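The values are calculated or read from the model by the stated rules, or taken from the named source; none is laboratory data. Here the structure is a predicted model, which means the values were calculated and not measured. Because the Cβ atoms are built from the backbone with ideal geometry, glycine has one as well, and the counts that use them run over all protein chains shown. Just the protein is used for accessible areas: all its heavy atoms, side chains included, with ligands, DNA and RNA removed. Shrake-Rupley method; radii C 1.70, N 1.55, O 1.52, S 1.80 Å.
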Amino acid sequence: MTPHTHPVDHELIQAAAQVARTRCRGDNHTVAAAARARDGRIVTAVNAYHFTGGPCAEMVLIGTAAAQGAYELDEIVAVGDRERGVIPPCGRCRQVLLDYFPGLKVIVGTGDRVRTVLITDLLPESYVWADHQLDTEKPDPHSAG
């Protein structure tokens, strides 16, 4: 199945690229992310690499957006430092982005093949965490009451 594409938010790519050019320094910060909040503002962040593991730019962006009161994100993109261009989210980020923002649009691709797809297109037949949580409102069929 071919994913349905949406218009590309070039302003978002430019915002992430600007952060990558000006804020990504050394091996600890190599990727920048930008997201458009539901209210239209753009939130940016960089990754925090460490040999023990560290959050990707998309994960840092979720916290940064929340700290700024932006709890609903509509679109996101990650861009590599040293003019590497758009970078698709890793598997972990795809899962977290899906769970936090199931309607999120993600900019992926390179060069003239940059496109915007839904996060669900990046994780077909995915596990959705919220769908598998116990619902405390359901009666227990094994109870005596």
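Quick notes
- In the list (1) 31, 18, 14; (2) 33, 21, 17; (3) 21, 17, 14, the label attached to semi-axes √(5λ) of the Cα gyration tensor in Å as derived from the coordinates here is (1).
- Of all the options H50, H132, H29, the one that moves most in a Gaussian network model of the chain with Cα springs shorter than 10 angstrom is H132.
- Cα centroid separation, segment 20-56 to segment 68-91 (Å): 8 Å
- Shape category assigned to segment 37-83 from the gyration tensor of Cα positions, a/c cut at 1.5: oblate
- These residues, Y71, Y49, go from largest to smallest accessible area, 1.4 Å probe, as Y71, Y49.
- T44 accessible area, assembled protein chains, probe 1.4 Å, Å²: 50 Å²
- Eigen-decomposition of the gyration tensor built on the alpha-carbon atoms of segment 83-134 gives equivalent ellipsoid semi-axes of 25, 10, 8 angstrom, largest listed first.
- The HN-Hα couplings worked out from phi for segment 65-81 by the Karplus form 6.51 cos²θ - 1.76 cosθ + 1.60 (θ = phi - 60°) are 4, 4, 5, 9, x, 9, 9, 10, 10, 9, 8, 9, 8, 10, 9, x, 5 Hz, whole numbers, x standing for Gly and Pro.
- Seen from D81, the other residues with C-beta closer than 11 Å to its C-beta sum to a net charge of +3, counting Lys and Arg as +1 and Asp and Glu as -1.
- Helices in the chain, meaning DSSP H runs of at least 4 residues, each add -39500 (n - 2.57). Divided by all residues, the mean residue ellipticity at 222 nm is -8000 deg cm²/dmol.
- Potential lengthening between R38 and A67 on full extension [0.36 nm per residue; Cα-Cα distance subtracted]: 8.9 nm
- Neighbourhood net charge (11 Å Cβ-Cβ; Lys/Arg +1, Asp/Glu -1) for A37: -1
- Label zone of S126 (point 7 Å out along Cα→Cβ, amide N under 14 Å): in segment 77-116 this covers 77, 88-108.
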